[in-house]
Amino acid sequence: MVKLRSKVYIISEKICREVLGLRPGEKVLIISNEGRDQLTIAHSLYRACAVLGGVPVLMVQPVKDMLDFAEDSVIYALRSKPDVIVSISKKKLGKDRFAMAEPLRTPDGRLFDHIFDYLYGGLKCSRAFWSPGITLETYERAANVDYDYIRRVASWLYAKLTSASKLTITTPRGGLFKAEIKGRRVFKDDGDIRRRGSFGNIPCGEVFTSPVTGLCEGVLVFDGSISINGRTILLSSPITVEVESGYVREVRGGPEADLLRKAIMKARDKARKLMRSRCIDRSLALKYATNARAIGEIGFGINPKAKVVGLLIEDEKAWGTVHVAIGSNYEGDAPALNHFDCVMTKPTVEVDGEVIVENGRLKVEM
């Protein structure tokens with residue numbers, strides 16, 4: 001039982017007020033697992049929602065990896081179209097087997113393979129946040145932030161990326177990577193989930209985009225952490241990833257590089273298995289298999305209280321870091337079963353020749 005006025009409860013109430021802007025009578029679906037930290041956080045959010053006049057429901061399902069399916073009962077609950085959806089998971093929420101077999105279509109023709117994404121990103125009738133792998137220690141530190149400040153930094157960086165055409169990332173260990181981002185949408189995870197259709201993480205604090213499909217190449221050197229199949233690994237030695245025409249060509253390094261390489265192959269093979277079992281359409285399965293190697297995201301950490309600790313939900317938010325994801329992107333034109341975030345700690349980033357991050361320091365102008 002979470003006590004009122006405990007630290008975790010106070011932070012959850014702050015999130016309900018400042019992040020969600022929760023209104024009396026709103027229906028809130030909270031999905032969690034039987035991890036001690038996750039259930040503590042989920043229950044504190046449940047109590048805070050109830051105290052503020054919301055109508056919360058808390059569901060607990062078995063732990064899910066990135067390639068697992070969510071429980072059917074969870075998917076059915078999501079189909080009730082709650083006003084707010086929260087996932088406080090030990091690993092992942094789990095995939096939607098129904099929507100993967102028969103994608104959900106919006107009135108404007110966009111397709112979604114998960115009801116969760118469909119509600120906030122498609123119909124825009126719900127708002128949501130998710131916290132895969134969240135621990136109580138991270139929640140009580142990195143979620144207890146000045147949300148107004150993070151929103152101002154996010155707006156500055158959003159403006160820089162929205163107007164940019166090209167992006168270059170260099171790192172002290174020899175990385176040199178170039179990407180075309182002209183015309184791509186830019187997203188802010190700034191702790192503002194007060195409008196229908198808005199979404200993000202807790203802890204928040206990143207600005208991210210997807211490079212133009214096929215138009216990025218070079219060498220990426222990761223020295224922070226990697227996240228594969230719901231597991232975050234704090235790197236003991238760097239991983240070098242060679243990219244050609246938008247796809248990973250080679251992964252080099254020690255044992256951790258081998259894990260990343262095998263995870264990419266597993267995602268590719270999972271897509272082929274689903275095709276053979278006729279769980280999904282052949283053409284979609286082939287896209288999933290191909291895009292298991294795609295560069296799907298470039299993101300910037302802007303949370304001053306976040307650290308690289310070996311927990312992806314926090315690592316990718318750490319101030320001045322950059323993370324690049326292998327797998328699915330946020331434009332929907334490179335679907336994949338995987339999305340493996342990889343973090344670099346001291347990058348230098350230029351957008352159209354202007355340095356916006358220098359050796360891990362954001363050059364904020366506000």
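Readers should treat all values here as calculations from the given coordinates under stated rules, not as data from a laboratory. None of these values were measured; they are calculated from a predicted model. No Cβ is skipped: glycine too gets one built from the backbone with ideal geometry, and neighbour counts run over all protein chains shown.
Miscellaneous remarks
- Cα-Cα over 20 Å, subset of LYS3/LYS305; LYS160/LYS317; LYS160/LYS363: LYS3/LYS305
- Over all distinct Cα-Cα pairs of the chain, the Kirkwood formula returns a hydrodynamic radius of 20.6 Å.
- Between the amide H of SER225 and those of LEU235, VAL343, distances stay under 5 Å, these residues lying 5 or more places away or on another chain, with hydrogens modeled in the peptide plane.
- Bins of 10 Å from zero: percent of alpha-carbon pairs in the stretch 205-246: 23, 41, 36, 0
- Within a Gaussian network of the chain (alpha carbon springs, distance under 10 Å), most fluctuating of VAL19, VAL308, VAL355: VAL355
- Separation of the ARG231 and SER245 label points, Cα + 7 Å toward Cβ, nm: 3.3
- Mean ellipticity per residue at 222 nm, deg cm²/dmol - from DSSP H runs of n ≥ 4 across the chain, formula -39500 (n - 2.57): -8000 deg cm²/dmol
- Computed P(r) (all Cα pairs; the stretch 54-110; 10 Å bins; percent): 20, 49, 27, 4
- For trypsin sites (Lys or Arg not before Pro), the sites in the stretch 250-329 that DSSP calls loop and that have at most 14 other Cβ atoms within 10 Å are ARG278.
- The chain: DSSP helices with Cα axial extent of at least 20 Å and average Kyte-Doolittle hydropathy no lower than -1.0: 36-51, 147-162, 255-276
- Only lysine pairs 8 or more places apart, or on different chains, with alpha-carbon atoms under 15 angstrom apart are counted in the stretch 62-124, and they number 5.
- Percent of C-alpha pairs per 10 Å bin in the stretch 7-136, short distances first: 13, 44, 33, 9, 0.
- Build a GNM of the chain with springs between Cα atoms under 10 Å apart, and of CYS204, CYS342, CYS216 the one that fluctuates most is CYS216.
- Cα gyration tensor shape for the stretch 103-184, rounded if a/c is under 1.5, else prolate or oblate: oblate
- Reference-scaled alpha-carbon Rg (2.2 N^0.38 Å with N residues) for the stretch 145-362: 0.97
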